[in-house]
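Every read-out reported here was derived from the displayed coordinates using simple, explicitly stated rules and does not represent laboratory data. Computed from a predicted model, the values in this text were never measured in an experiment. Please note: Cβ atoms are built from the backbone with ideal geometry, for glycine as well, and neighbour counts cover all protein chains shown.
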């Protein structure tokens, strides 16, 4: 494989526009709105020679992008590795180019001064007004809140659905009622992400901005639409008349967010337009606010996205943002001090093109007879032959050599080559199929890039990562295809230091299987892999050298693991059975309680299987649908299933006779002494509601009332006996919907 950090010298021509000579210019002042100034002088264009190596040398260092002009150069240099064309023109109508060039100088609006372990329970219990006990969203990291479509405090429930916001006076349950249902003045969409902080909501939704560009070889400006993310800060002190305090607009699709204290941190992804690139912009109520500091990384990866991390104070004007030119951000992990962005490494096509050539000359040729090797080398060195002619002569030479071999000689040679190529492919794919990790420190509005690292393989989800003191731990599945051995798969755990350098690891865990769930708990990692049976691993992380302490193999698999305490772990997944010929049939949803008090011999203390293969639970792909409270010994999971497959359903109303489906919640009493026992079910099925599943299912409690929410209903039941207290219909009420005024 070639040394990808070597310099590649390719001359290109770059046009540099001098900002001061622009015909129309917007300037963002220190304490005023943008103003327009006129300058009669035309732009001055200077042609200079630059090389790709001036911008990309493979040092892996982070570098700041100083202007839109430099952005153009960086993308052009990167594009050289893709074999694409470099276009140095950029057009905007109505003076937009002038605005963009000024913003590229990072003349930022001033920021206002601010105004003067792990959690054992799924939903963080809190004390509200008057000492009322209540639970909130199931989160991964204590004190790091995660967005959801439903938020609650000790009295009110807030729900965003499609383009509406509902506020429910939920406690006491006997008098619960819908206080307000209003529609946001936006195109109907599926809003799913919101935070609640005191009397403030932060609601995220996607929109689009409109620019004008002149397409290549055209002369008329055309509209160009780009995705943006809106972050609304809404004051809900007056429940009957909420007020929008802030409307921030950030370029790109919403990716994910976290809230720590009064600060919300969120990531947006914006695709790079190589022909008309521009730096992301943050607006407030359609007015330019700031251009985030922009950075790129000196490497050979393909730059496909700007990933913008923004921090806002829910209770003040404080905002800060930084954007990074890299691959498409996937899974994130956030601790109280650091924000981790991850994505799959995306190498340019030329990397794989070079690899195909190198695997022949570096692997195949050395195994050929010496006489053939010498002749191939001579053909390679013949500058009078183009590459196509060279390969034609090499192929003919090899064919002649094979024809002179016996069948046994040829088979032995081919076997040796296949084995060598298989090993080469393994090394190349392990090098290329990596997860890139970026670490950014967060402290209120302060954002500071810390380090970049990588680990072989791919992540399953956010629970595949964990920060513990100055160590960052990652569990991955390494999977690649070999032309001669098919799909090769295994799993690994890596320990990284504070600079994201690998300091230890354990690989080749459960060959031929994939990670289905992971949960880091202090010095341990609980890992479930699956292909035919469910290996449940207990892995020691007390040092930088992980080791397997114990292993348990049982039918089925767990998609989500949740700590009960240091000695017990709850798993939710599916039961399975082998049906012959190496095939496995998935059965019902399974809840399991693992006893890990003896780490060398973990056991299943108890399990409970719901329904059959028709049964589904949102918990299998969304941890926010999982609810467990250790103090109350209550576990709640949503279930949607064919009615005939379920036992113990006290209320068998169905959605529609044609579908014969049941939707609702299974409520369990769970503890190590008594195991897993079905306490009862709460039905969310209505005969007249049409076919609806349980895609938006949540459970929480306020005092001794259990609240269960689905797309259609918010139901309130006593925790002790599950007797229904009240029910509020959330959708299709047939009433007018008021609109929220700006």
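Once you put a point 7 Å from the Cα of residue 603 and another 7 Å from the Cα of residue 450, both along the Cβ direction, what distance in nm separates them?
The two pseudo-label positions are separated by 4.1 nm.
Once the Cβ-Cβ distance between residue 373 and residue 502 is put in as r, and R0 is 30 Å, what FRET efficiency do you end up with, to the nearest 0.05?
On the way: r = 38 Å, r/R0 = 1.25.
For residue 373 and residue 502, the calculated efficiency is 0.20.
At a Förster distance of 45 Å, what's the computed FRET efficiency of residue 729 paired with residue 553, Cβ-Cβ distance as r, to 0.05?
Working: r = 46 Å, r/R0 = 1.03.
For residue 729 and residue 553, the calculated efficiency is 0.45.
How do the peptides 573-586, 631-644 rank, highest first, by the average count of neighbouring beta carbon atoms within 10 Å per residue? Walk me through the intermediate numbers first.
On the way: 573-586: 14.3, 631-644: 20.5.
Sorting 573-586, 631-644 by mean packing, highest first, produces 631-644, 573-586.
Given a Förster distance of 60 Å, report the FRET efficiency between residue 64 and residue 585 from their Cβ-Cβ distance, rounded to the nearest 0.05.
0.60
When a/c is below 1.5 the answer is rounded, else prolate if a/b is larger than b/c, else oblate, so apply that to the range 362-429 with a ≥ b ≥ c taken from the square roots of the Cα gyration tensor eigenvalues.
Numbers: a/c = 2.36, a/b = 1.24, b/c = 1.90.
Verdict is oblate for the range 362-429.
If each residue's Cβ is checked for other Cβ atoms within 10 Å, how do 405, 194 rank with the fewest at the top?
Ordered from fewest to most neighbouring Cβ atoms within 10 Å, 405, 194 come out as 405, 194.
Name the shape class, rounded, prolate or oblate, that the alpha-carbon gyration tensor gives for the range 244-352, where a ≥ b ≥ c are the square roots of its eigenvalues, rounded holds for a/c under 1.5, and otherwise prolate holds if a/b is larger than b/c and oblate otherwise.
Working: a/c = 2.69, a/b = 1.53, b/c = 1.76.
Because a/c hits 1.5 or more and a/b fails to exceed b/c, the range 244-352 counts as oblate.
Roughly speaking, what is the centre-to-centre gap between the range 416-445 and the range 156-184 when only Cα atoms are used, to the nearest Å?
When both Cα centres are located, 47 Å separates them.
Could you check the simple spin-label distance between residue 404 and residue 431, using points 7 Å along Cα→Cβ, in nm with one decimal?
About 3.4 nm, to one decimal.
What does the extension gain come out to for residue 381 and residue 239, with contour length at 0.36 nm per residue minus their alpha carbon separation?
Numbers: separation 142, 0.36 × 142 = 51.12 nm, distance 8.00 nm.
Net length gain for the segment: 43.1 nm.
Report the label-to-label distance for residue 669 and residue 187 in nanometres (one decimal), using points 7 Å from each Cα along the Cα→Cβ vector.
5.3 nm
Take the Cα of residue 471, step 7 Å along the line toward its Cβ, and report every residue of the range 518-546 whose backbone nitrogen sits under 20 Å from that point.
518-528, 537-546
Taking the Cα centre of each part, how many Å lie between the range 267-295 and the range 548-613?
46 Å
I'd like to compare 372-385, 452-465, 485-498: which one has the highest average count of other Cβ atoms within 10 Å, and what's the full order after that?
So the peptides 372-385, 452-465, 485-498, ranked by packing, come out 452-465, 485-498, 372-385.
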